[in-house]
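These notes concern the structure reproduced below.
The values are calculated or read from the model by the stated rules, or taken from the named source; none is laboratory data. Owing to the predicted nature of the structure, the values given are computational and were not obtained by experimental measurement. Here the Cβ positions follow ideal geometry from the backbone for every residue, glycine too, while neighbour counts run over all protein chains shown. Side chains are part of the model used for accessible areas, which takes the heavy atoms of the whole protein and leaves out ligands, DNA and RNA. Shrake-Rupley method; radii C 1.70, N 1.55, O 1.52, S 1.80 Å.
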Amino acid sequence: MAQHNSHRLPGRAQLPTRQAGTAARGLGGAAVLGTVVLGTAFTGASAQAAPAAPSAPAAPAAAAPATADAAPSVAPSAALNSTQKLRWGSRGGAVQELQSALNANGAGLVVDGVFGKRTHAAVKDYQSSKGLQVDGVVGPKTRAALNGGVSTGGASAPSSSASSSSSGSSSTIVNAARSAVGTPYSWGGSSLGGMDCSGLVNYAYQAAGISLPRTSGQIANGGRWISQSQAQPGDIVAWSGHVAIYAGNGQIIDASGSKQRVVERSIWGNPIGFVTYR
């Protein structure tokens, strides 16, 4: 009997030590169990368990999402850095910025830097939602809206320079079109070796650094419709399936299929309207 007692007593004496080892090596609930046993055996152990509590205030990490949420609110102020007008046919980094800005407003565009049909439609949708003129052209007002409405002090200077550059582009467009007079008509062509109606319009606008869609229908629908009284030299006169450069004073320059060459002449027939890209 005494032997049984002497056999169990050493076991009890070693129990806290084993539990302490378990607590040191264990994880989760096992470590807590070891701490409870030690706390009952040693008053100092409970004092060591208390510092574990400060790890709970890891909750302040929730403050990080607040700063992450704050970042997008700054982005719109620099959504569009370019001051150039963007329209159907425009390409490059400025168009990518535009597409990203439109996506931030729910457009869902592929950011490919090509201002095509879907980007044109997304711009019109955005303009409509903001009460802007719905013309599919990203000018100062649409750009300011996409940039969070930041457009006051510096906006007047670009508009004056834009008007002067607009008049400069008008003469450039008309002069380029006139330089092509006499060029043979060639369906699908857009060079002085031969051109069709939309090829001539593209040729003239490229001289002014403006990219347009390729076909006559796309050109007509890609710009902003205006009345004849609003038309300026360099704007476009559109018929069903045909386009021409407006030269002013009722004159046009176009690649005529019937005359088989580029000519300058009076507006003929019944055009469906006038289109501007400015």
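Listed by chain and number, the lysines placed with their C-alpha closer than 26 angstrom to that of residue 259 amount to none; residues fewer than eight positions away on the same chain are left out.
With the largest listed first and rounded to whole Å, the semi-axes of the equivalent ellipsoid of segment 207-278 from the Cα gyration tensor are 17, 14, 12. From most to least packed by mean Cβ count within 10 Å, the peptides 177-186, 89-98, 103-112 give 89-98, 177-186, 103-112. The solvent-accessible area of residue 124, taken with every protein chain present and a 1.4 Å probe, is close to 70 Å².
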